[in-house]
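Worksheet: one structure, shown below.
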Amino acid sequence: MLIARKLVVSALLLLATAASAQQGGDLQAQILYAYHTEDTNSLANLIQDLTTQVKAGAGDATLRYHLAHAQYRRGLLEGAANARDAESAFADCIDQLKPVLSQDVKSVEALVLQSACYSGLANYRKIESVLLRSRSEERLNAALTLAPHNPRAAFLSSMEGLRQAKPGTALRDKAFARLQLAVQLFDASPATNADTPGWGHAEAYLALGRELQSRGDQLGARNWIEKSLISASDYKAAQRQLALLVRH
């Protein structure tokens with residue numbers, strides 16, 4: 001009887017863990033779909049729901065991470081057209097990850113995401129931009145030290161390098177090589193995962209396609225942009241880039 005009870009308890013714990021993981025995977029998929037389709041209303045609703053859950057006391061590290069991720073995506077979508085909203089979203093992303101990192105300073109995914117949000121916020125707070133970019137670099141370097149083969153860390157590092165480097169320079173080539181490495185790392189990692197972050201594939205493929213296009217490699221560019229759309233068929237930015245490539 002005692003053994004049977006232990007088996008039942010173990011089974012219930014496994015089911016609870018699976019349900020929690022599935023919820024995490026579903027949230028990630030919803031956030032990415034809203035971002036790829038540029039559906040700011042759905043993204044705002046997700047942020048509202050997650051904020052309610054966090055404030056209600058269910059603010060564990062995973063929920064806070066998803067909320068921060070949704071806010072990061074909102075910041076990217078709002079962009080310069082809605083600078084105030086974008087600034088607020090990036091700032092909220094940073095704040096949501098602070099308690100996560102206070103609990104686990106070696107949380108690679110939290111470090112990567114907070115780095116991205118510091119970088120995004122630097123675009124809107126010009127006076128503080130040097131400090132914010134320094135914090136972004138610090139988080140990203142910490143993540144790369146802990147997990148040098150993390151695809152999201154490698155991707156963000158490459159994009160920062162491309163942002164800084166001028167075309168035709170050695171620094172640009174170095175950042176390009178870093179982007180190619182990031183893509184290889186994404187190819188070796190799952191695009192969807194129920195319990196760990198799995199975002200970045202479509203964006204990395206699109207970024208590589210754009211960089212190849214800027215270097216005159218139209219065929220290579222098309223292959224990677226199409227791969228981005230295979231990864232996320234409703235990715236509007238990739239759809240626009242492919243249409244632009246075809247017209248030329």
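The values are calculated or read from the model by the stated rules, or taken from the named source; none is laboratory data. Since we're looking at a predicted model, the values are computed, not measured. Methodologically, a virtual Cβ is constructed for each residue, glycine included, from the backbone with ideal geometry; neighbour enumeration extends over all protein chains shown. Areas reflect the complete protein model, heavy atoms only, side chains present, ligands, DNA and RNA absent. Shrake-Rupley method; radii C 1.70, N 1.55, O 1.52, S 1.80 Å.
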Count of residues meeting criterion [out of contact with any Gly (no Cβ under 8 Å at 6 or more places or on another chain), open to solvent by less than 30 Å² (accessible area, probe 1.4 Å) and either aromatic (Phe, Trp, Tyr) or in a helix (DSSP H, G or I) (or both)] in the stretch 36-67: 9
Which listed residue is farther than 17 Å from Thr37 by Cα and either open to solvent by less than 70 Å² (accessible area, probe 1.4 Å) or modelled with pLDDT under 95 (or both), from Ser231, Ser214: Ser214
Residues that are open to solvent by 40 Å² or more (accessible area, probe 1.4 Å), part of a loop (DSSP other than H, G, I, E, B) and not basic (Lys, Arg), drawn from the stretch 68-109: Asp104, Val105
Flag for Ser158 being under 17 Å from the mean Cα position of the chain (by Cα) and in a helix (DSSP H, G or I): yes
Candidate set from the stretch 234-248 (those that are open to solvent by 30 Å² or more (accessible area, probe 1.4 Å) and in a loop (DSSP other than H, G, I, E, B)); member that is farthest from Leu219 (Cα to Cα): Asp234
